[in-house]
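Below: the structure, in structure tokens.
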Amino acid sequence: MGIVKTIIVLAVIYAIFLFSGYGVTVGSSENAAGLGLKCQYLTARGIVSSQYIHSDSGVIGVANCPIFKKIGEVVDNK
């Protein structure tokens, strides 16, 4: 019974990501001598990358990648 419940939960999470257009952070890396931050998000359609201006304090740009990000292309918006 445990495997069936796990599969159902994963299917529901996939459907939520597919129709909401959100992605969850799966990785990040600094680039451009620490001035840029490249964040990777897992969406229902694959991995999407975003570039942000980076500062440790977060005054200019972001200190860390946002956990969730709205991705522009959603299945039900067409």
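Would you mind telling me the share, in percent, of accessible area of the chain contributed by carbon and sulfur at probe 1.4 angstrom? Write down the numbers at each step before the final one.
On the way: 3650 of 5520 Å².
Roughly 66 percent, rounded to a whole number.
With runs of 4+ DSSP H residues as the only contributors, calculate the mean residue ellipticity of the chain at 222 nm using -39,500 (n - 2.57) per run, divided by the residue total and rounded to the nearest 500. It comes out at -8500 deg cm²/dmol, rounded to the nearest 500. Taking 22 Å as R0, compute the FRET efficiency from the Cβ-Cβ separation of residue 64 and residue 16 and round it to 0.05. Step by step, r from the Cβ atoms, then E = 0.40.
Residues in the stretch 3-70 average 68 Å² of solvent-accessible surface per residue, probe 1.4 Å, ligands and nucleic acids excluded. Solvent-accessible surface (1.4 Å probe) assigned to residue 49 amounts to roughly 60 Å².
All C-alpha pair distances within the stretch 3-70, sorted into 10 Å bins from zero, spread as 21, 40, 24, 12, 3 percent across the bins. Here r is the Cβ-Cβ distance between residue 26 and residue 53 and R0 is 30 Å; the resulting FRET efficiency, rounded to 0.05, is 0.90.
The values are calculated or read from the model by the stated rules, or taken from the named source; none is laboratory data. The shown structure was predicted, so the numbers you read here are calculated from the model rather than taken from an experiment. All Cβ positions, glycine included, derive from the backbone under ideal geometry; neighbour counts span all protein chains shown. In case anyone asks, the SASA skips ligands and DNA or RNA and just uses the protein heavy atoms, side chains included. Shrake-Rupley method; radii C 1.70, N 1.55, O 1.52, S 1.80 Å.
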